[in-house]
Amino acid sequence: MIDENKGYFPLFINLENKKIIVVGGGLVACRKITTLLSFTRHISIYSRQLCDVLREYVEAYPCVVWEGENPTEEQIRQADLVIAATSDRQENARISSICHQEGIMVNVADVKEECSFFFPSIVTRGELTVGISTGGKSPAFCKQVRQEIEAWLPREYNIEGKEGQEGTGT
């Protein structure tokens, strides 16, 4: 059955050895990097300045590297996933354009139409990961649903012994 009002397909991918570029050093970039830290070993940040938390990440995590200002086209082409989270509309559009030309997945924080994927709101409990998205239409509602799931799902949730229950989950 074809649905004319298609949403985005939820896709869980292994980012462990993928090269991720985040362009921007403010609070939006920080939120995205904070989430990514549990899933990857390669985050390159391009920004003139970093917020205090990102400075701490660069010092504390060898996988987070501050590369300096805006990436070159060649640096973007070497990435597997790119997040454009600057306050510069033209820079975000440039990054998005390069990524779309090269087939690189890109999330643009300020214009959902330039995204090839949305960054979900997530809840993790060990090996269990729940992703929530409204297709960029209501971040506040995503946050509310995430908080409800966090409250409902026990902190020490154990997926052991849950195999064979309905749905594949793989």
Q. Quick one: what pairs do we get from segment 29-52, first residue closer than 18 Å to G126 by Cβ and open to solvent by 10 Å² or more (accessible area, probe 1.4 Å), second aromatic (F, W, Y) and part of a loop (DSSP other than H, G, I, E, B), C-beta under 8 Å, 6+ apart or different chains?
A. T35/F119; L37/Y61
Q | Number of the exception - E56 against (1) buried (at least 17 other Cβ atoms within 10 Å of the Cβ); (2) closer than 14 Å to C30 by Cα; (3) more than 17 Å from the chain's Cα centre (by Cα) | A | (1)
(Q) When the residues of segment 78-93 are narrowed to those that are surrounded by 15 or more Cβ atoms within 10 Å (Cβ to Cβ) and within 24 Å of E16 (Cα to Cα), which ends up nearest to the chain's Cα centre (by Cα)? (A) I83
(Q) For segment 121-134, give me each residue that is crowded, with 19+ Cβ neighbours inside 10 Å and part of a strand (DSSP E or B). (A) S121, V123
Q) In segment 116-135, what residues are farther than 19 Å from T34 by Cβ and under 13 Å from the mean Cα position of the chain (by Cα)? A) S116
Q | From the options G24, G68, G7, residue that is open to solvent by less than 70 Å² (accessible area, probe 1.4 Å) and without any contact (Cβ under 8 Å) to a residue 40 or more places away in the chain | A | G68
Q. Using beta carbons and a limit of 8 Å, which pairs, at least six apart or on different chains, have the first residue in segment 127-148 and at pLDDT below 90 and the second one open to solvent by 80 Å² or more (accessible area, probe 1.4 Å)?
A. T129/F12; S133/Y8; S133/P10; T134/F141; G135/Y8
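The values are calculated or read from the model by the stated rules, or taken from the named source; none is laboratory data. In this text, all values refer to a predicted model and were calculated from it rather than measured experimentally. Neighbour counts are summed over all protein chains in view; Cβ atoms, including those assigned to glycine, are modelled from backbone coordinates with ideal geometry. Surface areas here come from the heavy atoms of the whole protein model, side chains and all, with no ligands, DNA or RNA. Shrake-Rupley method; radii C 1.70, N 1.55, O 1.52, S 1.80 Å.
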